[in-house]
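No lab work stands behind these numbers, since they all come straight from the coordinates. Since the structure is predicted, the reported quantities are computational estimates derived from the model, not experimental observations. Quick reminder, even Gly has a Cβ in these numbers, built from the backbone with ideal geometry, and neighbours come from all protein chains shown.
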Amino acid sequence: MGLNVPGIGLPHVIQGHDFIAGKAEAKGRVVVVGGRFIGMEVAIWLKEQGRDIAIVTRAGLGEDGINLEEFTFKTLADRIIDLNIPLFLNSAVLEITDKAVVIPMKNRLYRVPADTVILSVGMRSENRLAAELEGSGIEVHSVGDCVRPRDASDVSYQAARLAAAI
């Protein structure tokens, strides 16, 4: 998973989680790559700050095979439409340059202007610690993204069920 295209390591390409945590800054025109919750939320927040923002996503908004919680998705999608945030749906990123995100459009290459590119794609589970602890004799219960990437409402529900069972 993730995005592996030319330009991915450029200094103006940052991770959505780092932006949210204040570890990275978005400057100038921003393109958010990824149309699920984090990408949608970052785009809305930046647009509400008066920033020039666009979303590029390889699928439809909120799509990648894992269902999103419907109420939250509708709320975010409605806000994106209300804010007139440009959406480039079903658009695979081919390259990131110092000033654009390159996508295919109608049999040609299109450059979406970008001074900052925020990546919100390709979450993977990370379960090394759980695997290490399982052999130690410690009772281990895995929940959340270490099982598989999902949204906070799914994780909360899974954790509550586990807590009730323990």
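If you bin every alpha carbon distance in segment 33-111 into 10 Å steps from zero, what whole percent lands in each bin?
Taking every Cα pair in segment 33-111, the percentages come to 18, 49, 29, 4.
Between Gln158 and Phe71, what is the spin-label point distance in nm, taking each point 7 Å from the Cα along the Cα→C-beta axis?
2.1 nm
Net charge around Val102, counting only other residues with Cβ within less than 13 Å of its Cβ (Lys, Arg = +1; Asp, Glu = -1)?
Net of charged neighbours comes to +1.
Name the residues whose placed amide hydrogens come within less than 5 Å of the amide hydrogen of Ala100, ignoring near sequence neighbours (fewer than 5 apart) on the same chain.
Ala114
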